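Visitor: Here you go, one structure.
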Amino acid sequence: MHELSIAQGIVTVVDEAARGRRIACVNVEIGAVSGVAPDAIAFSFDLVAEGTCAEGARLNIIEIPATARCEDCGLEFPITDLFTACSCGSFRKTLLRGGELNVRSIELEPQER
Ligand SMILES: [Zn+2]
């Protein structure tokens, strides 16, 4: 399952970054055309976070809208999938944003003393 391995990747990265401290929240950016379903990521995250610093952490998904630039007329336009054509009729385009899948930041629980 695609999303499970992605969630595993996220947990590995944030677990390392937390250095044993508990994570309250993980902010993740998911592009609209990254091919990843945010719901599936959130579900998988809870599963793979078990037993790590990220257990019980909230996964805050920031969805990034997708934009492409037409290679024929230069217009920048929003796309909902990779098969959206430019208004000039061209399908040749460069994805400017919307393909990302990044961990933006983590928020740690206040340190217990
Ligand atoms: Zn165009």
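Visitor: Filter segment 86-107 down to the residues that are over 18 Å from the mean Cα position of the chain (by Cα), of a type outside the set (S, T, N, Q) and assigned to a strand (DSSP E or B) and list them by number.
Guide: We begin by selecting, within segment 86-107, every residue over 18 Å from the mean Cα position of the chain (by Cα); these are 86-94.
Adding the requirement that they be of a type outside the set (S, T, N, Q) leaves 86, 88-89, 91-93.
Hit for segment 86-107 is Lys93, nothing else.
Visitor: Give the number of residues within segment 69-99 that are among the hydrophobic types (A, V, I, L, M, F, W, C) and within 29 Å of Val13 (Cα to Cα). Before the answer, list the steps.
Guide: Within segment 69-99, the first condition is being among the hydrophobic types (A, V, I, L, M, F, W, C), and the residues that meet it are 70, 73, 75, 77, 79, 82-83, 85-86, 88, 91, 95-96.
Now restrict to residues that are within 29 Å of Val13 (Cα to Cα): 82, 95-96.
Residues meeting the conditions: 3.
Visitor: Which pairs turn up if I take residues in segment 62-77 that are under 16 Å from Gly89 (Cβ atoms) and look for partners that are within 8 Å of the ligand (Cβ to nearest atom) and of a type in the set (A, V, I, L, M) with beta carbon separation below 8 Å, at least 6 apart in sequence or on another chain?
Guide: Short answer, once both residue conditions are applied: Arg69/Leu75.
Visitor: If you go through segment 78-95, how many residues are away from the ligand (no atom under 13 Å from the Cβ) and loosely packed, with under 11 Cβ neighbours inside 10 Å?
Guide: Going through segment 78-95 one residue at a time, the tally reaches 2.
Just so you know, all these numbers are worked out from the coordinates, no wet-lab data involved. Computed from a prediction, not measured in an experiment: that's the story for all the values here. Ideal geometry is used to build each Cβ from the backbone, glycine not excepted, and the neighbour counts take in all protein chains shown.
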